[in-house]
Amino acid sequence: MYETGKKNLEAQESLNDGLVGYWKMDPSTSSGQATDHSSNGNHGTWSGGASAIAGGKFDGAGSFDGVNDYLRINNNSTLNVGNTMTVNFWINPSEPGW
């Protein structure tokens, strides 16, 4: 994906090319907020009982009950991505057959 021999800093800068938001959902972030780790500042607010918890696939996870929990991201011009976008997430249901 990256040229052999590139420095880590250069690889990190390439990650932000076109990146709109990156929410780790790690519990170390400020209370009630999901920090956007891209350079866009599209921070989210946990609502309806949703929260960040320890564990998860990559050192943190969002906990949602499937009823009324969500992560609210306010409107920002960086979220106007046009006709093409990719959304990626990892789901690990707490019970089978969800």
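The values are calculated or read from the model by the stated rules, or taken from the named source; none is laboratory data. Please read all numbers here as calculations on a predicted model, not as lab measurements. FYI the Cβ positions are ideal-geometry reconstructions off the backbone, even for glycines, and counts take in every protein chain you see.
Pull up the range 32-47, narrow it to residues that are in contact (Cβ under 8 Å) with a residue 24 or more places away in the chain and of a type in the set (G, A, S), then point me to the one that is nearest to S77 (Cα to Cα).
G41
Here are T35, T45, T84: which of them is among the β-branched types (V, I, T), at pLDDT 75 or above and in contact with a strand residue (DSSP E or B) (Cβ under 6 Å, 6 or more places away or on another chain)? Please lay out each step first, then the result.
Numbers: T35 fails: in contact with a strand residue (DSSP E or B) (Cβ under 6 Å, 6 or more places away or on another chain); T84 fails: in contact with a strand residue (DSSP E or B) (Cβ under 6 Å, 6 or more places away or on another chain).
Result of the check over T35, T45, T84: T45.
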